[in-house]
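Below: the structure, in structure tokens.
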Amino acid sequence: MAQHERLVVVGSGPAGYTAALYAARANLSPLLFEGMQPGGQLTITSDVENYPGFPEGILGPELMEKMKKQAERFGTRFVPAEITRVDFTVRPFRLWQEDLLFTADAVIVATGASAKWLEIPSERTYQGRGVSACATCDGFFFRGVEVAVVGGGDTAMEEATFLTKFATKVHVVHRRGELRASKIMQERARKNPRINLVLSAVIDEILGDGKAVCGVRLKSTIDGKTWELPLRGVFMGIGHEPNTRLFRGQLAMNDVGYLAVKAPTTYTSVPGVFAAGDVSDPSYRQAVSAAGTGCMAAIDAERWLGEHATEKWD
């Protein structure tokens with residue numbers, strides 16, 4: 001027997017928890033599937049100093065715990081597991097958690113996006129201690145020091161340019177001999193005296209003293225030679241991947257995989273399914289913007305459910 005729900009939220013983090021909070025306060029009694037990383041990317045972020053309402057800053061995991069408790073206070077129920085399959089071609093919608101079937105009148109997708117990493121052990125060791133995937137979030141912590149940005153596309157150029165507001169020198173490390181960024185972004189980077197392009201090289205290892213990053217070991221992609229570069233921060237500028245594999249063939253998305261929404265709403269290509277947070281946001285990817293769209297998705301879902309309250313679905 002399937003467990004039927006009025007509203008299911010898929011994914012946690014600022015978007016999912018905020019959507020659940022607003023939905024719960026609207027008496028929709030949402031069921032939220034937290035996924036494999038409850039709280040999302042902020043759970044691997046140490047200090048969050050740009051979220052409104054916390055003038056002294058707050059730890060990422062602590063902020064997520066507060067959001068979860070607030071949603072829980074108003075009646076959100078949580079499942080510490082991930083949805084493994086969906087069928088949005090029938091109504092009510094069908095969602096599976098392994099072999100368990102759930103049906104829902106409406107669904108909010110808030111599965112987020114994951115930063116692309118180098119996949120070397122030292123990278124994980126120093127995440128939050130000098131290694132970051134968000135210059136906008138963490139650039140402020142690197143005033144007066146040298147940092148590196150990995151990547152050669154527009155994302156890397158944007159991150160590097162932003163970081164020059166704080167860092168004394170930004171080394172852009174790219175494995176090819178030429179950048180992939182657009183001409184205008186390349187020119188902007190080359191003209192910036194604080195940006196140093198390190199081409200035909202990769203980061204072989206991130207060096208640290210056990211507490212924080214203190215440098216990187218670079219390796220030439222031409223002759224394999226290695227050398228060390230002292231610095232205090234390493235930023236990944238190789239892009240993000242939206243966590244939308246589950247929805248392929250079910251919801252419209254762009255070439256990269258971000259869910260398409262009908263702006264200025266959170267409506268997806270399937271009426272009754274809404275998207276919030278980084279899963280549909282390739283531009284901003286901030287906790288506060290994710291929370292904002294979580295609020296929007298809950299309001300959209302509440303109104304849509306109200307308009308379709310008398311419909312009977314098989």
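Nothing in this text is a laboratory measurement; each read-out follows from the coordinates by a stated rule. Worth saying up front: this structure is predicted, and the values here are computed from it rather than measured. All Cβ positions, glycine included, derive from the backbone under ideal geometry; neighbour counts span all protein chains shown.
The label-point distance for T221 and F141, in a model that sets each label 7 Å from Cα toward Cβ, rounds to 2.8 nm.
If you find the alpha carbon centre of the range 96-114 and of the range 1-32, how far apart are they in angstrom? With the range 96-114 and the range 1-32 each reduced to a Cα centre, they are spaced 10 Å. FRET efficiency for the S114 to A260 pair, using the beta carbon distance and R₀ = 22 Å, is estimated at 0.70.
Comparing mean-square fluctuations of D99, D204, D278 from a GNM of the chain with C-alpha springs under 10 Å, the top value falls on D99. Of all DSSP beta bridges located in the range 117-236, what percent are antiparallel, nearest 5? If we restrict to bridges inside the range 117-236, about 40 percent are antiparallel. Under 10 Å, Cα contacts only: if you run a Gaussian network model on the chain, which one of V170, V261, V145 comes out with the highest mean-square fluctuation? Top of the fluctuation ranking is V145.
Approximating the spin labels as points 7 Å out from Cα along Cα→Cβ, the R303-to-E178 distance works out to 4.8 nm. Modelled label positions at K69 and R85, each set 7 Å beyond Cα in the direction of Cβ, lie 3.9 nm from each other. Taking 0.36 nm per residue of separation and subtracting the current Cα-Cα distance, fully stretching the chain between L59 and R77 would add 4.1 nm. Report note on the peptides 68-75, 146-153, 28-35: ranked by the mean count of other C-beta atoms within 10 Å, highest first, their order is 146-153, 28-35, 68-75.
Compactness check for the chain: Cα Rg over 2.2 N^0.38 Å is 1.09.
For C214 and E241, calculate 0.36 nm times their separation in residues minus their Cα-Cα distance, and state this gained length in nm to one decimal. Please report the intermediate quantities before stating the final value.
Values: separation 27, 0.36 × 27 = 9.72 nm, distance 2.82 nm.
Contour length minus the Cα-Cα distance gives 6.9 nm.
Give me the distance between the Cα centres of the range 184-243 and the range 144-159, rounded to whole Å. The two parts, judged by their Cα centres, are 8 Å apart. Over all orientations, the range 117-236 has a Cα convex hull whose mean projected area works out to 6.6 square nanometres. Excluding same-chain residues fewer than 8 positions from K225, which aspartates and glutamates have a Cα within less than 15 Å of its Cα? Qualifying aspartates and glutamates at Cα under 15 Å: D204, E205. DSSP finds beta bridges in the chain, and of those with both partners inside it, around 45 percent are antiparallel.
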